[in-house]
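Below is one structure, written out as structure tokens; the observations come after it.
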Amino acid sequence: MLDALQRPLGSLRISVTDRCNLRCRYCMPEDDYVWLPRTSILTFEEIARLSSVFASQGVRKVRLTGGEPLLRHDLPTLVGMLARDARIEDLSLTTNGLLLAKQAAVLRAAGLMRVTVSLDTLRPERMLAFAKSPRHADVLAGIAAARAAGFGSLKLNTVVIRGFNDDELADLIEFARARDAEVRFIEYMDVGGATRWSMDQVVSQRDMLETLGRRYGRIEPVAGDPHAPAERFRLADGATFGIIASTTAPFCRTCDRSRVTADGTWFLCLYAERGVDLRDPLRRGASDAELAALIRETWLGRADRGAEQRLALADRGALYRIDSLRADPHREMHTRGG
Ligand code: SF4
């Protein structure tokens with residue numbers, strides 16, 4: 001099933017909570033937030049039903065996100081329910097790692113295939129200043145537990161911000177290499193929630209490659225999945241890493257991803273102003289065929305290419321001001337599942 005720009009419905013990110021136990025400056029920099037009402041949060045049965053209907057329409061990759069997904073009570077039970085669907089070929093999780101050490105083995109046993117852990121810095125004092133958390137050691141313990149649990153792949157996501165962690169690129173590559181993981185550097189994005197974004201804090205893919213080239217010498221691109229957000233690269237010594245250049249070199253033309261929030265709102269683009277309410281038909285008793293028809297009709301009309309449109313702006317600043325985010329928490333990246 002192809003959208004209006006010939007992109008398949010392939011990958012679904014399901015947010016299981018809008019809550020988070022970190023306050024990273026690029027995502028949740030404010031002092032307080034408006035949360036989704038608890039009664040609106042989808043149950044595991046509702047999530048599994050939606051996932052199944054999406055799978056019937058072509059989705060083959062499901063990633064659980066948040067907020068911080070491990071804050072959702074008993075997440076391995078949901079993983080087990082989703083893993084039973086043989087049509088889902090890739091079931092993964094993105095986490096900040098704080099609670100991963102205790103759950104990694106049980107998540108793997110439940111059928112989770114891959115894990116991505118956010119790791120923005122190797123320096124605890126920087127995490128304290130940047131994410132308002134003293135728990136850097138817990139993140140490292142989570143990464144170690146994920147490695148020990150035997151996931152198919154372990155990725156580390158680093159949002160690179162000028163003046164904060166742009167001097168740690170090589171250190172992070174070496175950290176990942178030592179743990180048989182792969183780091184992916186993400187350009188700082190002007191998405192909802194990033195109320196303090198400015199272009200001068202963005203370290204572009206080109207800048208990152210120049211910095212790493214000075215340290216490591218020749219860097220070669222690695223061919224891979226055309227729908228994957230990260231471009232992968234290989235150093236002369238064999239180590240690989242990825243860069244997600246959403247801000248300066250967007251990849252909307254190949255984007256097969258969409259997002260369901262914890263309250264069942266379906267967003268076709270990270271930058272979309274509005275989403276489609278799937279919870280209401282679900283709770284009113286819509287049949288699978290009716291839900292599938294709604295998904296199909298919506299996807300066929302999709303023409304979103306938010307990051308490309310942002311790139312074309314002459315004067316680019318934060319996407320939303322805080323009052324606009326408070327008026328509708330669906331605009332927040334921690335609700336949408338970045
Ligand atoms: S901006 Fe929207 S269309 Fe472009 S890659 Fe991101 S989610 Fe996909």
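A few comments on the model shown:
- In plain terms, the chain from D90 to K102 could stretch by 2.1 nm, reckoned as 0.36 nm per residue minus the Cα-Cα distance.
- Scalar couplings 3J(HN,Hα) for the stretch 142-157, obtained by applying the Karplus form with A = 6.51, B = -1.76, C = 1.60 to θ = phi - 60°, are x, 5, 4, 5, 5, 4, 5, 6, x, 5, x, 8, 10, 10, 10, 9 Hz; x denotes Gly and Pro.
- Computed over the chain, the per-residue total of -39500 (n - 2.57) for DSSP H runs of n ≥ 4 gives a 222 nm mean residue ellipticity of -9500 deg cm²/dmol, rounded to 500.
- 0 to 90° range, to nearest 10: angle between helix 44-56 axis and the chain longest Cα axis: 90
- Sequence-distant residues sharing a close amide H with V183 (under 5 Å, placed H): L156, G242
- Taking each residue as 0.36 nm, the span from E125 to E210 lengthens on full extension beyond its C-alpha to C-alpha distance by 27.9 nm.
- Centroid-to-centroid separation of the stretch 70-121 and the stretch 148-216 [C-alpha atoms, Å]: 22
- Å² per residue, accessible surface of the chain at 1.4 Å: 42
- Packing rank of 140-149, 60-69, where each peptide gets the mean count of other beta carbons within 10 Å, highest leading: 60-69, 140-149
The values are calculated or read from the model by the stated rules, or taken from the named source; none is laboratory data. Everything numeric in this text was worked out from a predicted model, so none of it was measured. Methodologically, a virtual Cβ is constructed for each residue, glycine included, from the backbone with ideal geometry; neighbour enumeration extends over all protein chains shown. To get the accessible areas, we keep the full protein, side chains included, count just its heavy atoms, and leave off ligands, DNA and RNA. Shrake-Rupley method; radii C 1.70, N 1.55, O 1.52, S 1.80 Å.
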